[in-house]
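All remarks here apply to the structure that follows.
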Amino acid sequence: MAVTVSLALLLAVIVVALRRQGSVTTVAALTCIAFGFALSSTGLAPVISDVLSAVAGLFSRTS
């Protein structure tokens, strides 16, 4: 749970930063957010969650 909230916050900060730089349009950012919500309701959601948890585990072990 803590990893999910932290990752969501990190990704939100990245999207806002890219949006402010003009690298990403508002429509593109909203499309990516909508895609994330749609993807979370598919059968791939547990696999994606497991991969992200494994990557977070690798980073937490090295620091």
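The figures follow:
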item: Counted residues, the range 16-62 - those being of a type in the set (Lys, Arg) and at pLDDT below 85; result: 1
item: Leading residue by the ranking (most open to solvent (accessible area, probe 1.4 Å)) among those in the range 17-63 that are assigned to a helix (DSSP H, G or I), polar (S, T, N, Q) and within 20 Å of SER6 (Cβ to Cβ); result: THR62
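The values are calculated or read from the model by the stated rules, or taken from the named source; none is laboratory data. Worth saying up front: this structure is predicted, and the values here are computed from it rather than measured. Glycine gets a Cβ as well: all are built from the backbone with ideal geometry, and neighbour counts include every protein chain shown. SASA here: full protein model, heavy atoms, side chains in, ligands and nucleic acids out. Shrake-Rupley method; radii C 1.70, N 1.55, O 1.52, S 1.80 Å.
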